[in-house]
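The values are calculated or read from the model by the stated rules, or taken from the named source; none is laboratory data. Quantities reported herein were computed from a predicted structural model and do not represent experimental measurements. All Cβ positions, glycine included, derive from the backbone under ideal geometry; neighbour counts span all protein chains shown. For accessibility, only protein heavy atoms count, side chains too; no ligands or nucleic acids. Shrake-Rupley method; radii C 1.70, N 1.55, O 1.52, S 1.80 Å.
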Amino acid sequence: MMDIDTEPVAADVAARIVTPGSAITSDPAFMRGHGTFGEGATIYSSVAGVVERINKLVSVRSLKQRYSGEIGDIIVGRITEVAAKRWRVDVNSRQDGVLLLSSINLPGGIQRRKSESDELQMRSFFAEGDLVFAEVQSYFADGALSLHTRSIQYGKLRNGTFVAVFPQLVPRSRTHFHTLPCGVDIVLGVNGYIWVSKHVSAAKVEANAEHIYSDRNEPISDAEREAIARVANCVQLLNRLYVKITETSVIFAYEESLGHAAKDLLSQDVAAELAHSVMARLKQQAS
């Protein structure tokens, strides 16, 4: 019998961080879920993570884990290989995702079957190192994710910077593409890859549909660069202090950060101060 430091809690299974062997509850009404084990009538954590409760099911979500995709997920990925009629994409999972040539839009939004000439110029669409905004449409037999970019909002990402966070901090929601009040666009990939960029209106994107695979960034002013850097640093400090990364939390962090220089946001003291302010505002909003 292992030594348990924490006494079993009767029915308090509110979200909190636990370590392996921590007692979660001794209430027999609860059922064990992922990341837990039982001894007698008590449920213990088997991993370090956050306690989650769905009705009477108690589970523990690991603090650090690879992304596990679901159909319909909106993700940001990086092209790692150009193969026959497909691209391999790093999606922060156990294996690379796959983007088929038949699953992309052609320049100008032309709808037709992909030909041999399209296969010969695949690198003009996506090359190694390119970042792509895509949706999970299915699984392959080996478990790899099949992606698609058949929408004007999906495709190659430009005009911004990349931030990697813990996937479990990005909740699934109706939309993962947001335009923030500061004039910055942000893509919150549920796989933990986030793209922060200059705002480009949907009308401008549609008007220049033939340039969706361009490798050139648009002109970005100093003010836009600072706003992008500030938002990116806000995302990093939320990730460092394990705060959920949503449109609301990023906006709160941005507003709280305006009293500091963008380059100072990741210093230990400033990051802790801002994260606590954001958590207080989120708690106040929820109450």
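The table below gives the values:
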| read-out | value |
| --- | --- |
| Which numbered condition THR161 fails, given (1) outside any loop (DSSP other than H, G, I, E, B); (2) over 16 Å from the mean Cα position of the chain (by Cα) | (2) |
| Residues satisfying the stated conditions in region 211-237, i.e. open to solvent by 60 Å² or more (accessible area, probe 1.4 Å) and under 11 Å from VAL163 (Cβ atoms) | GLN236 |
| Test for SER103: is it farther than 20 Å from THR248 by Cβ and either open to solvent by less than 10 Å² (accessible area, probe 1.4 Å) or β-branched (Val, Ile, Thr) (or both) | yes |
| Residue satisfying all of: in region 75-97; surrounded by fewer than 19 Cβ atoms within 10 Å (Cβ to Cβ) and polar (S, T, N, Q); nearest to the chain's Cα centre (by Cα) among these | GLN95 |
| Residues of region 191-207 satisfying the condition of being assigned to a loop (DSSP other than H, G, I, E, B) and in contact with a Phe, Trp or Tyr (Cβ under 7 Å, 6 or more places away or on another chain) | ASN191, GLY192 |
| Check on ILE79, among the aliphatic types (A, V, I, L, M), under 19 Å from PHE162 (Cα atoms) and touching a His at 6+ places or on another chain (Cβ under 7 Å) | no |
| Boolean, GLU119 is in contact (Cβ under 8 Å) with a residue 24 or more places away in the chain, open to solvent by 70 Å² or more (accessible area, probe 1.4 Å) and among the acidic types (Asp, Glu) | no |
| Selection from region 130-158 of residues that are small (Gly, Ala, Ser) and more than 16 Å from the chain's Cα centre (by Cα) | SER138, ALA141, GLY143, ALA144, SER146, SER151, GLY155 |
| Unique residue being within 30 Å of GLY49 (Cβ to Cβ) and open to solvent by 30 Å² or more (accessible area, probe 1.4 Å) when the list is THR161, THR179 | THR161 |
| Qualifying residue in region 129-141 (condition: open to solvent by 10 Å² or more (accessible area, probe 1.4 Å), free of Cβ contacts under 8 Å to residues at least 12 places away in the same chain and farther than 26 Å from ARG216 by Cβ) | yes |
| Filtered residues of region 238-287 (kept if open to solvent by less than 70 Å² (accessible area, probe 1.4 Å), in a loop (DSSP other than H, G, I, E, B) and in contact (Cβ under 8 Å) with a residue 24 or more places away in the chain) | LEU241, TYR242, VAL243, ILE245, THR246, LEU265, LEU266 |
| Any pair with Cβ under 6 angstrom, 6 or more apart, that starts in region 189-206 at a residue that is crowded, with 24+ Cβ neighbours inside 10 Å and ends at one that is of a type in the set (Ser, Thr, Tyr) and modelled with pLDDT of 90 or more | VAL196/THR161 |
